[in-house]
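The values are calculated or read from the model by the stated rules, or taken from the named source; none is laboratory data. Every value quoted in this text rests on a predicted model; they were computed, and no experiment measured them. Cβ: placed from backbone, ideal geometry, glycine included. Neighbour counts: every protein chain shown.
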Amino acid sequence: MAKKVVILGGGVAGMSAAHELCERGFQVSVYELKELQGGKARSMNVPDSAKDGRRPLPGEHGFRFFPRFYKHLPDTMARIPFPGNVNGVFGNLTEATRGELARYAKKPLVLVTRFPKNPADVEALLKEIFGGNDTGLTTDDLEFFAGRLWQLMSSCYERRLAEYEKISWWDFVGAEGRSEAYQHLLAIGLTRTLVAAKAKEASARTGGDILLQLIFDITTPGISADRLLNAPTNDAWLDPWLAYLKEKGVNYQLNSTVESINCDGHIITGATVSQNGKKFEVKGDYFISALPIEVVAKLLNKELLAADPKLKNLETLALCVAWMNGIQFYLKRNIDIVEGHTIYIDSEWALTSISQKQFWPSVNFQDLGDGTVKGILSVDISDWETPGTLFQKPFTKKYKCASECSRKEVMQEVWHQLKKSLNIDTEVLSDDMLHSWFLDSDIVIPDGDRPHPTVNLEPLLVNKQDTWKLRPEADCAIPNLFLASDYVRTYTDLATMEGANEAARRAVNAILERSESKEKPCELWNLHEPDLLAPWRIHDQQRFIKGLPWDGKAYGIWGLLSRFITFMIRIFKKFLDLFRGKHPHK
């Protein structure tokens, strides 16, 4: 008889675990809190937006982003059937070829997000190199930062974990003594706008590893480093996924609150779940907690901690969360801005956006809402604690941060920051373009005199420095309990859909081993690092074992190659200076 696995939480981790288990013959039940599947990845209907038989406008917890270095999630997506796609829902990913850094009072910086494929890509790349953009970064800044990147690339994995994990990104890149532009663009900007992290708190190892992956993606011929879905998330991915899981026999229950995980001090005996005000206990041979860190930490009880005292670390880890939530602007006139993501590098609230219509070719906008929406600008707010510029706190001269604003004030402040960033030489955004807007329903803002603070029902785990030691493996000391969420130790090592999928695979592999199953384990992929850099990593590993610091050197032919590369970089820099009309010695 098939073993039964109970999965608590039906986000990407829970659905990924269910997918791998049902394909291996297990009986699976999933219990998800929300009224829709997918957790943070879901899209949602904007309430009361559908008119005259049309579909509701699509809202998002935050826009989706599928970098090229993702391996686990694309593998799963390719195994989700989708009509007309040989590669399943993976075939619904489309490339973004450009990125943009939008700034206050300065022209935006347009970046190529893939290795050049055509003359337009080459032209854009040359503009990046030779355009002389006013970033405020000095040549010394760029050289110094390049040196930090080289140290990351040439350091062994053991050193990264033992040393770089324990220091912040701010300290690793030496931001304290650098220019304001360096601190703003390369220290703060690279963390807060992408993963809602703070440069002075985020782990240098995690931030550095992910930055390297993006750099390797862009500099390697092939697909773009930036991919998106070609329709709203549920349409292009989550609805087909849920349909596939149910077809394979998965019992997926929505609107299910996990009240407790019951333990007798040794094993899990069941889980108490409530639906529509009624409580019941679910039983199984194995249990997977795919709940977010802040949720599972509240479910810890003395019996669970007696069975595995290390779970106590989850209570500390649950404090390492930040807010990153979406707001959508529905427009009367479509604007594409750029063929990819825009990072609003000067925005007080660390905004990023994507103009959706250009990536949704099969979506008929006339069938949405009242039929007059022409475009959707989907924005993520990654800083909810920095003061804005429009609304002051009562009886003070201090401005409100996002978490202190009403929903309408959040909208108005974000819209203001967008216009300030985009309307430089021409008016890209204007008030008459705005049809309506939708702020993620996970942001709960009290009405009236606001006796209670704003609450975020689904915050995001941030990889703070020296927190790897707090993070658990997928299997724990409780023999029938397994963990599958983005806080679990993974190769991905970042709170992302990819990390959640990998964690789920690790939990499934642990169940396969524990149950002595003969089914093939789930495949796991480590982060990619070029073989060309292996000699430097090996050299550094030898130094690390001896207790010596990193020196970035290699010997023999690799040492000669290193010196040759350094020489060519210097020649290239002199060429750039001459090209820009500068004296090479100044």
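Which of the residues belonging to segment 5-46 are under 26 Å from Pro58 (Cβ atoms) and β-branched (Val, Ile, Thr)?
Val12, Val30, Val46, listed by residue number.
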Worksheet item: Is one or more of the residues making up segment 370-382 touching a Lys or Arg at 6+ places or on another chain (Cβ under 9 Å) and hydroxyl-bearing (Ser, Thr, Tyr)?
Response: yes
Item to complete: Please give the number of the condition Ala350 fails out of (1) at pLDDT below 95; (2) closer than 16 Å to Trp437 by Cα; (3) buried (at least 23 other Cβ atoms within 10 Å of the Cβ).
Response: (2)
Discussion item. Please list, ordered by residue number, the helices (runs of 4 or more DSSP H) wholly in segment 99-176 having 3 or more residues that are over 15 Å from Leu190 (Cα atoms) and modelled with pLDDT under 90.
Written reply: 119-130, 139-154
Practice prompt. Working only within segment 308-327, note down all residues that are assigned to a loop (DSSP other than H, G, I, E, B), in contact with a helix residue (DSSP H, G or I) (Cβ under 9 Å, 6 or more places away or on another chain) and in contact (Cβ under 8 Å) with a residue 60 or more places away in the chain.
Written response: Cys320, Trp323, Met324
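Scan segment 256-270 residue by residue and report those that are more than 15 Å from Leu311 (Cβ to Cβ) and under 32 Å from the mean Cα position of the chain (by Cα).
Those that are more than 15 Å from Leu311 (Cβ to Cβ) and under 32 Å from the mean Cα position of the chain (by Cα): Ser256, Thr257, Val258, Glu259.
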Response to the item:
A careful count of residues in segment 456-492 that are assigned to a loop (DSSP other than H, G, I, E, B) and either touching a helix residue (DSSP H, G or I) at 6+ places or on another chain (Cβ under 7 Å) or not polar (S, T, N, Q) (or both) gives 25
Worksheet item: Which ones in segment 205-226 are crowded, with 23+ Cβ neighbours inside 10 Å and more than 16 Å from Tyr164 (Cα to Cα)?
Response: Ser224, Ala225, Asp226
Worksheet entry | Complete set of residues in segment 430-461 that are at pLDDT 95 or above and either farther than 26 Å from Ala102 by Cβ or more than 27 Å from the chain's Cα centre (by Cα) (or both) | Ser430, Asp431, Asp432, Met433, Leu434, His435
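Quick check on segment 164-178: of everything there that is of a type in the set (D, E, K, R) and in contact (Cβ under 8 Å) with a residue 40 or more places away in the chain, which residue is surrounded by the fewest Cβ atoms within 10 Å (Cβ to Cβ)?
In this case the residue turns out to be Lys166.
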Worksheet item: Do we have Leu305 as farther than 23 Å from Asp442 by Cα and either of a type in the set (S, T, N, Q) or touching a helix residue (DSSP H, G or I) at 6+ places or on another chain (Cβ under 9 Å) (or both) here?
Response: yes
Worksheet item: Restricting attention to segment 358-399, which residues are charged (D, E, K, R), modelled with pLDDT of 95 or more and out of contact with any Ser or Thr (no Cβ under 9 Å at 6 or more places or on another chain)?
Response: Asp367, Lys374
Worksheet item: Mind checking whether some residue in segment 213-221 is assigned to a strand (DSSP E or B), touching a Pro at 6+ places or on another chain (Cβ under 9 Å) and either under 30 Å from Ala187 (Cα atoms) or in the same structural domain as Met77 (by TED's automatic domain parsing) (or both)?
Response: no
Item to complete: Give just the number: which of (1) assigned to a loop (DSSP other than H, G, I, E, B); (2) touching a residue at least 40 places away in the same chain (Cβ under 8 Å) does His435 not satisfy?
Response: (1)
Practice prompt. Consider Phe69 carefully, then state whether it is in contact with a Phe, Trp or Tyr (Cβ under 9 Å, 6 or more places away or on another chain), part of a loop (DSSP other than H, G, I, E, B), of a type outside the set (Lys, Arg) and at pLDDT below 95.
Written response: yes
Fill in: Enumeration of residues in segment 507-517 that are surrounded by fewer than 24 Cβ atoms within 10 Å (Cβ to Cβ) and in contact with an Asp or Glu (Cβ under 9 Å, 6 or more places away or on another chain)
Asn509, Ala510, Leu512, Glu513, Arg514, Ser515
Worksheet item: Is there any pair with a first residue in segment 357-381 that is under 11 Å from Pro58 (Cα atoms) and a second that is at pLDDT below 95 and aromatic (Phe, Trp, Tyr) whose Cβ atoms are under 7 Å apart and which are 6 or more apart or on different chains, and what are they?
Response: Ser378/Phe63
Practice prompt. Check off (1) within 27 Å of Lys310 (Cα to Cα); (2) touching a residue at least 40 places away in the same chain (Cβ under 8 Å) for Glu519 and give me the number that stays unchecked.
Written response: (1)
Response to the item:
Expected output for segment 276-287 (first residue modelled with pLDDT under 95, partner surrounded by 11 or more Cβ atoms within 10 Å (Cβ to Cβ), Cβ below 9 Å, 6+ apart or cross-chain) is Asn276/Asn255
